[in-house]
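*Asks:* If you scroll down you'll find the structure; I have some questions about it.
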Amino acid sequence: MTRLTLAIDAMGGDFGPCVTVPAAMQALASDSHLHLLLVGDPDKITSLLATADSALRARLQIIPAESVIASDAKPSQAIRASRGSSMRIALEQVKAGHADACISAGNTGALMGLAKILLQPLEGIKRPALMTVLPNQLKGKTVVLDLGANVESDSAMLVQFAIMGAVMAEEILEIANPRVALLNIGQEETKGLTAIREAAAALRDSAEVNYIGYLEGDDLLTGKTDVLVCDGFIGNVTLKTMEGVVRMFLSLLKSQGEGKKKAWWLRLLGRWIQKRLAKNFGHLNPDQYNGACLLGLRGTVIKSHGAANQRAFTVAIKQAEQAVRRQVPERIAARLQAVLPKSD
């Protein structure tokens, strides 16, 4: 296995270095071939490395940044004022070839815009899409995109998302001839927005995509498809709704048994039920699949949840490692070249 270098926007997200720096050290400890570039305020980063293992510290470099793009900043304004920011400098490390991928928990719109400007979309891609891999109730995985990079998507973009999602299912999940579906308000062909119906028609005629039709929101975790495609507005709302329900469910499991005193056998039964449910549903914990890959670029960019904790941000770093080692951009480019018309 060869050396892998990742650039991390250490200042992005709700917690900044308090989460990104410990997560970086955890990732270094789990992979001896990994090297990290932490981009941000040197004083804040260094203060969190005071007790770090010297061997791990040797595989980490701090890249100074003058500013941080606010999470609530308007993307267009943030991009214009981005020079010297931790997010932009982290992306510039990838552009310059100093890093193989970039990870940020910062402003999604700004990350999308800057990545598109600095790294450029692949030939045949109008706009990149955010993709994640979700666990399903069949103990398998489902590729879902777009999750918020594009609030509106026309039919051509949805077809491009479907192709990129299929490549991810093949390369990351190792699924031969993955099933691809469009997220819609019903399974009947006449339902849905014009863009969705036009994308469905194009996918039905495509020999390169195993299109199986429409699926509804309640099928997100059922495992009925390997790739689920939607626009960014629908995808983001759907994902966050699902994550909120899962977090509430898991929190209820943790709090089970609290409150009034119960008979010993009721407490024992409660603990047994709690362990059984945690075992069966713990894999749905959003922290275990944090990190959405910005597909369709000439480089690898991973967007972490802004509210990610240390465990979740470490998972995002692992997502970047996997995408680079699987050569995701190169494999998507090869597939696109074969099936899509070139852009003007």
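The values are calculated or read from the model by the stated rules, or taken from the named source; none is laboratory data. None of these values were measured; they are calculated from a predicted model. With ideal geometry, Cβ positions are generated from the backbone for all residues, glycine too; neighbour counts draw on all protein chains shown. Just the protein is used for accessible areas: all its heavy atoms, side chains included, with ligands, DNA and RNA removed. Shrake-Rupley method; radii C 1.70, N 1.55, O 1.52, S 1.80 Å.
*Asks:* Top mean-square fluctuation among M157, M242, M87, Gaussian network model of the chain, C-alpha springs under 10 Å?
*Replies:* Of M157, M242, M87, the most mobile in the Gaussian network model is M242.
*Asks:* Counting only protein heavy atoms and using a 1.4 Å probe, what share of the accessible area of region 1-96 belongs to carbon plus sulfur, as a whole percent?
*Replies:* On the way: 2410 of 4710 Å².
Of the solvent-accessible surface of region 1-96, carbon and sulfur hold 51 percent.
*Asks:* Taking Cα pairs under 8 Å and at least six residues apart, what relative contact order does the chain come out at, in percent?
*Replies:* Values: 693 pairs, mean separation 73.7, N = 344.
Contact order relative to length: 21 percent.
*Asks:* Now for a different question. Per residue of region 119-134, in order, report the coupling 6.51 cos²θ - 1.76 cosθ + 1.60 (Karplus, θ = phi - 60°) as ³J(HN,Hα) in whole Hz, putting x for Gly and Pro.
*Replies:* 9, 6, x, 5, 4, x, 9, 6, 8, x, 10, 7, 10, 9, 10, 9
*Asks:* Send over a whole-number figure in Å² for the accessible area per residue of the chain, probe 1.4 Å. Write down the numbers at each step before the final one.
*Replies:* Numbers: 16480 Å² over 344 residues.
It amounts to 48 Å² per residue over the chain.
*Asks:* Taking θ as phi - 60°, what are the ³J(HN,Hα) couplings along region 141-146 by the Karplus curve (6.51, -1.76, 1.60), each to the nearest whole Hz, with x for Gly and Pro?
*Replies:* 10, 10, 7, 10, 7, 8
*Asks:* Any idea what the relative contact order of region 1-160 is, in percent, if you count C-alpha pairs under 8 Å spaced at least 6 apart? Present the calculation step by step, with values, prior to reporting the outcome.
*Replies:* Working: 267 pairs, mean separation 36.2, N = 160.
Relative contact order comes out at 23 percent.
*Asks:* In region 78-150, which trypsin sites (Lys or Arg not before Pro) fall in coil by DSSP and have 15 or fewer other Cβ atoms within 10 Å? Before the final figure, lay out each step's value.
*Replies:* Details: sites: R80, R83, R88, K95, K116, K126, K139, K141; in loops: R83, K126, K139.
Sparse-neighbourhood loop trypsin sites (Lys or Arg not before Pro): R83, K126, K139.
*Asks:* Go ahead and set up a Gaussian network model of the chain, Cα springs under 10 Å, then flag whichever of M164, M11, M248 fluctuates most.
*Replies:* Checking each option, the largest mean-square fluctuation is seen for M248.
*Asks:* Quick check: Cα centre of region 11-53 to Cα centre of region 91-133, how many Å?
*Replies:* Going from one Cα centre to the other spans 21 Å.
*Asks:* Name the residues whose placed amide hydrogens come within less than 5 Å of the amide hydrogen of R179, ignoring near sequence neighbours (fewer than 5 apart) on the same chain.
*Replies:* D226, V227
*Asks:* Rounded to the nearest 500 deg cm²/dmol, what is the calculated helix-only ellipticity per residue at 222 nm for the chain, with -39500 (n - 2.57) per DSSP H run of length n ≥ 4?
*Replies:* Numbers: 12 runs with 150 residues, N = 344.
That calculation yields -13500 deg cm²/dmol at 222 nm.
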